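> This is the structure I have questions about; it appears just below.
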């Protein structure tokens, strides 16, 4: 079984009717075979991305499914970030309220606790996704999907997703492509794709974008693997 992505792209688009006879031997997979195999891939983000990238005619009719799948991926992680930030804010508020409680003298211990809580809040805020992440999710998702669609094979690992370990034997994840097997866009190009300047992207949006890219690559790769298994059974 060859590259199932290319098979999906080449066989599921518009075709012309052929009246010639078969060539004998094992028959080629038909479009019905491919559609049936695709139906065996579990519903979810991976399948929606597989269609969006390799069968856009179908994906255009399933845009709501893709939107819901992306939201289902991002919303829990966004909520986790907000919960962590909320806890840090609460901890800082408690430390601030404890300063000179009920008119008492402010102690060195209270000052140290306030400084610790404030530092933790600032560090947490820097690591958490922007509050407007869900509002900007449509643009982020479109940019990530476009990058996936237009990416070429990673030149460092030649698409193998791994590279030789720097010490000893074995292999490690390719640093250049992050294990995706595909070339990565520069941060400036990603910033332009989401309509942000480089400073805003590097400060706020880079962690969100890169997390989405990794998760969506993994989901699409898993769906492609499941499609290949289904096609192997149909062949």
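> If the requirement is being surrounded by fewer than 12 Cβ atoms within 10 Å (Cβ to Cβ), over 30 Å from residue 221 (Cα atoms) and free of Cβ contacts under 8 Å to residues at least 60 places away in the same chain, which of these qualifies: 95, 117, 88, 123?
Matching residue, one of 95, 117, 88, 123: 123.
> If I go through the range 17-50 residue by residue, how many of them are at pLDDT below 90 and either part of a helix (DSSP H, G or I) or at positive phi (or both)?
12
> Here is a further query. Which condition breaks for residue 79 when tested against (1) modelled with pLDDT of 90 or more; (2) surrounded by 14 or more Cβ atoms within 10 Å (Cβ to Cβ); (3) over 14 Å from the mean Cα position of the chain (by Cα)?
Evaluating residue 79 over (1) modelled with pLDDT of 90 or more; (2) surrounded by 14 or more Cβ atoms within 10 Å (Cβ to Cβ); (3) over 14 Å from the mean Cα position of the chain (by Cα) leaves (2) as the failure.
> Please go through the range 136-165 and give me each residue that is more than 17 Å from the chain's Cα centre (by Cα) and either closer than 18 Å to residue 210 by Cβ or at pLDDT 80 or above (or both), ordered by number.
Across the range 136-165, the qualifying residues are 154, 156, 157, 162, 163, 164, 165.
> Can you name the residue in the range 143-183 that is surrounded by fewer than 18 Cβ atoms within 10 Å (Cβ to Cβ) and touching a helix residue (DSSP H, G or I) at 6+ places or on another chain (Cβ under 8 Å) and, of all such residues, is farthest from residue 81 (Cα to Cα)?
Looking at residues that are surrounded by fewer than 18 Cβ atoms within 10 Å (Cβ to Cβ) and touching a helix residue (DSSP H, G or I) at 6+ places or on another chain (Cβ under 8 Å), I get 149.
> Which of the residues belonging to the range 205-219 are at pLDDT below 95 and either crowded, with 18+ Cβ neighbours inside 10 Å or at positive phi (or both)?
Selection gives 217 alone.
> Residues of the range 105-114 being in a loop (DSSP other than H, G, I, E, B) and surrounded by 13 or more Cβ atoms within 10 Å (Cβ to Cβ), which ones?
If the condition is that a residue be in a loop (DSSP other than H, G, I, E, B) and surrounded by 13 or more Cβ atoms within 10 Å (Cβ to Cβ), then 107 is the only one that fits.
The values are calculated or read from the model by the stated rules, or taken from the named source; none is laboratory data. Keep in mind it's a predicted model, so treat the numbers as computed, not measured. Quick reminder, even Gly has a Cβ in these numbers, built from the backbone with ideal geometry, and neighbours come from all protein chains shown.
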